[in-house]
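*Asks:* Quick one: this structure, given as structure tokens, is what I'll be asking you about.
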Amino acid sequence: MSGTQQTAQTSTLYPVPAAFAQSAHIGSREAYDKLCQEAQHDHTAYWGRLAREFLSWHQPFTQTLDERQAPFYKWFEDGLLNASYNCLDRQIEAGLGDKTAIIFEADDGQVSHVSYKELLSRVSRLANALKAQGVKKGDRVVLYLPMSVEGVVAMQACARIGATHSVVFGGFSAQSLRDRIEDAGAVMVITADEQVRGGKTLPLKAIVDEALTLGGCDSIRQVIVFQRTGGKVAFQAGRDLWMHELTAAQSDVCAPEWVSAEHPLFLLYTSGSTGKPKGVQHSTGGYLLHAAVTMKWTFDYKPDDVFWCTADIGWVTGHTYVAYGPLANGGTQLVFEGVPTYPDAARFWRMIEAHKVSIFYTAPTAIRALIKAAESDAKVHPRNFDLSSLRLLGTVGEPINPAAWEWYHREIGGGKCPIVDTFWQTETGGHMITPLPGAHALTPGSCTLPFPGIDAAIVDETGKEVPWGQGGLLVVRKPWPSMIRTIWGDPERFQKSYYPPDFGGKYYLAGDGAIRDVNTGYFTITGRIDDVLNVSGHRMGTMEIESALVSHPLVAEAAVVGRPDDLTGEAICAFVVLKRPRPEGDEAKQIANELRNHVGQEIGPIAKPKDIRFGDNLPKTRSGKIMRRLLRVVAKGEDVTQDTSTLENPAILDQLSQRN
Ligand code: WT7
């Protein structure tokens, strides 16, 4: 529980710029308090009101919240709607047909604009094509796609016909893709010939082919391939189909499938502290509601904004704030293919200037990397670019260190843009604790206060709220519409992971430690309290990496911990015992590399350990439990000062301190 041990702190407050507050949707602390009071007074009525205001219902719901099977909460269940209708058709009906929905910039800088009308027609063609291939309401479709208009189109097309999409990030390996396909029981994979990132291509279709040969994917009937590069791919007759050929043959009109608000819009796999990744199941109505409301209030979204969320659609951020939130508000957004450092580390700044981005949302890890680049190469410094179109900045995915916050505020925001540090999770569907930029003065490193209607609190192990200034466990005491519904195929794990009996089974346990500022009550997230690491804003389970290591024939045992890293937030550090004598020198380096590549193949490059240390054994208690607490100290390169008397083999710590 290292994440909860924090002391009280107070820091500088950045007031809300008056000009910003004046035109903001939620433009004062009073306006924020009023919404919180409304929710406090009648939680379900508050969310019911928003659901009616923000979404278009084909059939209105009569009951807002059904708690009978708690914690399997149901929201708006007898209401019928369609997510794609809410994102596309209704914008066109409101006169936004010719408005640009997506500005797409490819890895090589090529730009295209897609209007709402065109987007709807592309979504409808693909939706019809999916139907023609036999995809039905409730079927799962796995998307393994690059950042592209087609990625958004594919998600929306699934939503249109009531198919449940499950996007797998293009950086995951064939093995990981296979695991997700099997767990989801997907009937189809939609992929691309290749993905382009930073001038390099990655053969997505070939990885799909490999995944499908690994076994367990018999449910897959077709593979639809978006032609991104024209690179060579193998085609299996009867199974593989080109997206452009399928859609060309289809009508661009497709009636939306009206589904219950509880119908699963998507599954998204994420890492937990134990075992396999879990398929987080999200609903249609509650999820879309929160996507729409947070898009409008957290980002103070207005019709003239150009919104840019840099996240990949393979992560939840790319779901809520690329594929759904901006479109549900009729917004114009920038979607980019590539990496922040190609063709150089000024890509973001050049794009903001070129497309007059007004709201920019990215991850602390990207900011830290770009600070470093700007400091060593004046050519890529943001001061060379006109960033005056920006009016609001955001961060997500991991804590932002105050120094990076200050730089972002000064160099990117010109000292005038508020920064929304948004805390949330794959499971929460959208922002949970975040500044509303017209209402909250800001403290660097703090996500400030709960979104109105989110009953977040910090409690001790018994569920009792702790005083401000004291660290504890972050919980949410009332259900909210965009919450995870279950873990696909494993309701028990859902209940055990998120609604443990410790708090009467009534509180959602986020898995993070947090502390509130003694003066402002502002929340600061202090880190995970479980064995989940956050590497560059990506969530990695230590057990998953350990299993990958142990599946290598040379490995007898492995323990993985995180250690702080200036650039990636946390870095993966693996302690490994081989089945042969402990290697040293060049041999150790060579085996370490082999193991890194093995993990890359088992999970994906993002899971490759930065450090691998070899030992004759791991530090264990006499009962055989690995002492991760000590490994964390060793990983940091610090001397172990803790009591090691319970250790079976204290000498092992010296051995493990040596790097390869
Ligand atoms: C974990 C969730 C939220 C979408 C992307 C990541 C950490 C997330 C913040 C923040 C401090 C944060 C938490 C959380 N996290 N946002 N603003 N400040 N920590 O989603 O992969 O489900 O990871 O990311 O530890 O539990 P995810």
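*Asks:* Going residue by residue through segment 142-156, is there one that turns out to be over 30 Å from residue 339 (Cα atoms) and open to solvent by 20 Å² or more (accessible area, probe 1.4 Å)? Working first, answer last.
*Replies:* Applying the first criterion (over 30 Å from residue 339 (Cα atoms)) to segment 142-156 yields none.
No, that holds for no residue.
*Asks:* Looking only at residues in segment 36-60 that are of a type in the set (Asp, Glu) and in a helix (DSSP H, G or I), which one is farthest from the chain's Cα centre (by Cα)? Explain how you work it out, then say what you get.
*Replies:* Here is the first cut: in segment 36-60, the ones of a type in the set (Asp, Glu) are 38, 42, 53.
Filter again for in a helix (DSSP H, G or I), leaving 38, 53.
Numbers: 38: 29, 53: 27 Å.
This residue is 38.
*Asks:* Does segment 86-119 hold any residues that are open to solvent by 30 Å² or more (accessible area, probe 1.4 Å) and within 18 Å of residue 148 (Cβ to Cβ), and which are they? Talk me through it step by step, then tell me what you get.
*Replies:* Residues of segment 86-119 open to solvent by 30 Å² or more (accessible area, probe 1.4 Å): 90, 92-96, 98-100, 108-113, 117-118.
Scanning segment 86-119 gives 100, 108, 109, 110, 111, 112, 113, 118.
Each row is one residue, and each column tells you yes or no for (1) of a type in the set (Asp, Glu); (2) in contact (Cβ under 8 Å) with a residue 24 or more places away in the chain; (3) assigned to a loop (DSSP other than H, G, I, E, B).
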position: 552; (1), (2), (3): no, yes, yes
position: 559; (1), (2), (3): no, yes, no
position: 570; (1), (2), (3): yes, yes, no
position: 575; (1), (2), (3): no, yes, no
position: 580; (1), (2), (3): no, yes, yes
position: 586; (1), (2), (3): yes, no, no
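*Asks:* Which residue, of 605, 650, 581, is surrounded by fewer than 18 Cβ atoms within 10 Å (Cβ to Cβ) and either of a type in the set (Ser, Thr, Tyr) or under 29 Å from residue 176 (Cβ atoms) (or both)? Show your work before the answer.
*Replies:* Details: 650 fails: either of a type in the set (Ser, Thr, Tyr) or under 29 Å from residue 176 (Cβ atoms) (or both); 581 fails: either of a type in the set (Ser, Thr, Tyr) or under 29 Å from residue 176 (Cβ atoms) (or both).
From the options 605, 650, 581, the qualifying one is 605.
*Asks:* Also, quick follow-up: Does residue 230 qualify as being assigned by the TED database to the domain that holds residue 171 and over 29 Å from the mean Cα position of the chain (by Cα)?
*Replies:* Numbers: assigned by the TED database to the domain that holds residue 171: yes; over 29 Å from the mean Cα position of the chain (by Cα): yes.
It is true that residue 230 is assigned by the TED database to the domain that holds residue 171 and over 29 Å from the mean Cα position of the chain (by Cα).
*Asks:* Just the residues that are under 21 Å from residue 262 (Cα atoms) and part of a loop (DSSP other than H, G, I, E, B), please, taken from segment 454-476.
*Replies:* Step one: of segment 454-476, the residues under 21 Å from residue 262 (Cα atoms) are 454, 476.
The one that is under 21 Å from residue 262 (Cα atoms) and part of a loop (DSSP other than H, G, I, E, B): 454.
*Asks:* Applying the selection to segment 494-544, what residues are of a type in the set (D, E, K, R) and open to solvent by less than 20 Å² (accessible area, probe 1.4 Å)? Reasoning before the result, please.
*Replies:* Restricting attention to segment 494-544, the residues satisfying the condition of being of a type in the set (D, E, K, R) are 496, 502, 506, 512, 516-517, 528, 530-531, 539, 544.
Of everything in segment 494-544, those that are of a type in the set (D, E, K, R) and open to solvent by less than 20 Å² (accessible area, probe 1.4 Å) turn out to be 512, 517.
*Asks:* Collect the residues in segment 216-228 that are open to solvent by 30 Å² or more (accessible area, probe 1.4 Å) and without any contact (Cβ under 8 Å) to a residue 60 or more places away in the chain, keeping them in residue-number order. Walk me through it before giving the result.
*Replies:* Filtering segment 216-228 for residues open to solvent by 30 Å² or more (accessible area, probe 1.4 Å) gives 216, 218-219, 221, 227-228.
216, 218, 219, 227, listed by residue number.
*Asks:* Report yes if some residue within segment 416-438 is open to solvent by 20 Å² or more (accessible area, probe 1.4 Å) and free of Cβ contacts under 8 Å to residues at least 12 places away in the same chain; otherwise report no.
*Replies:* Scanning segment 416-438 turns up no residue that is open to solvent by 20 Å² or more (accessible area, probe 1.4 Å) and free of Cβ contacts under 8 Å to residues at least 12 places away in the same chain.
*Asks:* If a residue must be open to solvent by less than 30 Å² (accessible area, probe 1.4 Å), in a helix (DSSP H, G or I) and away from the ligand (no atom under 15 Å from the Cβ), how many such residues does segment 403-415 contain? Walk me through it before giving the result.
*Replies:* As a first pass, look at segment 403-415 and keep what is open to solvent by less than 30 Å² (accessible area, probe 1.4 Å): 404-405, 407-409, 412-413.
Applying the additional criterion that residues be in a helix (DSSP H, G or I) yields 404-405, 407-409, 412.
Adding the requirement that they be away from the ligand (no atom under 15 Å from the Cβ) leaves 407, 409, 412.
Number of matching residues: 3.
*Asks:* If you don't mind, another one. Tell me which residues, restricted to segment 372-397, are open to solvent by 20 Å² or more (accessible area, probe 1.4 Å), within 15 Å of the ligand (Cβ to nearest atom) and free of Cβ contacts under 8 Å to residues at least 60 places away in the same chain.
*Replies:* Within segment 372-397, none qualify.
*Asks:* Let me ask another. Condition check: within 16 Å of the ligand (Cβ to nearest atom), touching a strand residue (DSSP E or B) at 6+ places or on another chain (Cβ under 9 Å) and assigned to a loop (DSSP other than H, G, I, E, B). Does residue 400 satisfy that?
*Replies:* So residue 400 passes the test.
*Asks:* Out of all the residues in segment 175-206, which are open to solvent by less than 10 Å² (accessible area, probe 1.4 Å) and either more than 29 Å from residue 263 (Cα to Cα) or part of a strand (DSSP E or B) (or both)?
*Replies:* Filtering segment 175-206 down to residues open to solvent by less than 10 Å² (accessible area, probe 1.4 Å) leaves 176-177, 181, 184, 186, 188-193, 204-205.
Answer for segment 175-206, where residues must be open to solvent by less than 10 Å² (accessible area, probe 1.4 Å) and either more than 29 Å from residue 263 (Cα to Cα) or part of a strand (DSSP E or B) (or both): 188, 189, 190, 191, 192, 193, 204, 205.
The values are calculated or read from the model by the stated rules, or taken from the named source; none is laboratory data. The model shown is predicted, which means the values in this text are computed figures rather than measured ones. Note that we place each Cβ from the backbone using ideal geometry, even for glycine, and neighbour counts take in every protein chain shown. In case anyone asks, the SASA skips ligands and DNA or RNA and just uses the protein heavy atoms, side chains included. Shrake-Rupley method; radii C 1.70, N 1.55, O 1.52, S 1.80 Å.
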